[in-house]
Amino acid sequence: MIIEDDRDIVALFRYVLDIAGFITEIVLHGEKAVRRLEVVKPDLILLDLNLVGISGTDILKIVRSDSRLKDIPVIVVTGHPQMAVGLQSETELILHKPVSLEQLLSLIKRFHPVDTEALSEPPHDNVTKLYNRTFFINRLSYSVEHTRRLGGEVFGILFVDCDNFNLVQQQGQDFADRVLAETAKLLRTVVRPYDTISHFGSGQFFIQVEDLPTKVILHQIAERIHSNLTTRMRDTLNFEMTANIGMVFCSSDYTSPQEVIRDADIAMFYAKSNPHTDLVIFNPIRHGAFRSPEKYTAIMRAGAPLHEETDHKTTS
């Protein structure tokens, strides 16, 4: 569990823990951390001391006074060394910011055996440097289970499909790689550092947006991606390209990552075949009929038309 309110630092910590083989939970506020620790028992806690509200020092006291939690290794991270005075006996390690990736990984190895094979094969796509499909599905699986069983925060999924990517590939592999790399750069500028971006292949990207309060936020992110992608490709590569985006607002109704990806697929195909919009949020009432194996298989194989009668710019 990462308890830290600086989102850029969270992104670094999460990346290192990913490499070490941990499945991470991010908590940005002290009050929420206390609530989560009442129902979960992490294998390792990275704890910032300087939190708003309930401080990291208070959280450390709670952990060490709880018979269920007291043996959990805690790595304290702080930019204020004076705050850590007297805590040496209560924590395994105290790190002073800024913390390097190599330093943190070396220290985590002391508490958790790291798969050296996994380290030699990072979970990233070579061209885009984004997470690969396998890693994304593993993280999505955890999030689905977390939300379903423990009442975790609702999250969102974006399926970004670069339109007519086959035409891009016809211009050669080098050009296709440049398009993918530019798309990845654009996606990183739109989402937060600790959200998860993955390249599934052939110009198809999945994004997991954490801690999502409403569908409106998810749609706003999709709109920024859609509008900025066309501009970026025109400015950097002198190439016209847009994207179709399917969205899923993930609540506790989902039981597997495959269900989420299926609904994102369906939403994206609605977007692709709808003349009124390139952005669609999956709606179980409107789109649920295509969850049946027969219809879902049909649209995956043939991209069957899914036109809707609508005069609106967006579908939800």
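A few notes on this one:
- Cβ-Cβ contacts under 7 Å between residues 6 or more apart (or on different chains), taken from a first residue in segment 191-212 that is on the phi > 0 side of the Ramachandran plot to a second residue that is assigned to a loop (DSSP other than H, G, I, E, B) and not small (Gly, Ala, Ser), are listed as Asp211/Glu153.
- Scanning segment 147-190 for residues that are of a type in the set (Gly, Ala, Ser) and over 19 Å from Thr128 (Cβ atoms) yields a count of 3.
- Subset tally (residues that are surrounded by fewer than 20 Cβ atoms within 10 Å (Cβ to Cβ) and within 18 Å of Asn164 (Cα to Cα)) for segment 206-230: 4
- Residue in segment 277-296 that is nearest to the chain's Cα centre (by Cα), counting only those that are surrounded by 11 or more Cβ atoms within 10 Å (Cβ to Cβ) and assigned to a loop (DSSP other than H, G, I, E, B): Phe282
- Residues that are of a type in the set (A, V, I, L, M) and either modelled with pLDDT under 85 or closer than 19 Å to Leu93 by Cβ (or both) within segment 1-26 comprise Met1, Ile2, Ile3, Ile9, Val10, Ala11, Leu12, Val16, Leu17, Ile19, Ala20, Ile23, listed in sequence order.
This table checks each residue for (1) crowded, with 21+ Cβ neighbours inside 10 Å; (2) in contact with a helix residue (DSSP H, G or I) (Cβ under 6 Å, 6 or more places away or on another chain).
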| position | (1), (2) |
| --- | --- |
| Ile3 | yes, yes |
| Ile9 | no, no |
| Ala20 | no, yes |
| Lys32 | no, no |
| Arg35 | no, no |
| Ile54 | no, yes |
| Val63 | yes, no |
| Ser67 | no, no |
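- The listed residues are Leu218, Leu186, Leu180, and the only one of them that is in contact with a Cys (Cβ under 9 Å, 6 or more places away or on another chain), in a helix (DSSP H, G or I) and in contact (Cβ under 8 Å) with a residue 40 or more places away in the chain turns out to be Leu180.
Matching residues to (1) of a type in the set (A, V, I, L, M); (2) in contact (Cβ under 8 Å) with a residue 12 or more places away in the chain; (3) assigned by TED's automatic domain parsing to the domain that holds Arg188; (4) in a helix (DSSP H, G or I):
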| residue | (1), (2), (3), (4) |
| --- | --- |
| Asp8 | no, yes, no, yes |
| Tyr15 | no, yes, no, yes |
| Ile23 | yes, yes, no, no |
| Lys32 | no, no, no, yes |
| Pro42 | no, yes, no, no |
| Leu47 | yes, yes, no, no |
| Gly53 | no, yes, no, no |
| Thr57 | no, yes, no, yes |
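- Selection status of Ile72, part of a loop (DSSP other than H, G, I, E, B), within 27 Å of Ser141 (Cα to Cα) and not assigned by TED's automatic domain parsing to the domain that holds Tyr194: yes
- The residues of segment 154-183 that are surrounded by fewer than 21 Cβ atoms within 10 Å (Cβ to Cβ) and within 13 Å of the chain's Cα centre (by Cα) amount to a single one, Val154.
- Residue match in segment 268-277 (condition: of a type in the set (S, T, N, Q), in the same structural domain as Arg178 (by TED's automatic domain parsing), in contact (Cβ under 8 Å) with a residue 12 or more places away in the chain and in contact with a Cys (Cβ under 9 Å, 6 or more places away or on another chain)): no
- Pairing residues of segment 126-138 that are of a type in the set (A, V, I, L, M) with residues that are surrounded by 16 or more Cβ atoms within 10 Å (Cβ to Cβ), at Cβ distances under 6 Å and at least 6 apart in sequence or on separate chains, gives Val127/Leu180; Leu130/Ala184; Leu130/Ile197; Leu130/Ser198; Leu130/His199; Ile137/Pro257.
- Residue count for segment 231-251, restricted to those that are over 13 Å from Val160 (Cα atoms), hydroxyl-bearing (Ser, Thr, Tyr) and more than 17 Å from the chain's Cα centre (by Cα): 2.
- Boolean, Lys32 is within 24 Å of the chain's Cα centre (by Cα), at pLDDT below 90 and within 22 Å of Asp6 (Cβ to Cβ): yes
The values are calculated or read from the model by the stated rules, or taken from the named source; none is laboratory data. If you're wondering where the values come from, they're calculated on a predicted model, not measured in any experiment. Heads up, the Cβs are rebuilt from the backbone with ideal geometry, glycines too, and the neighbour counts pull from every protein chain shown.
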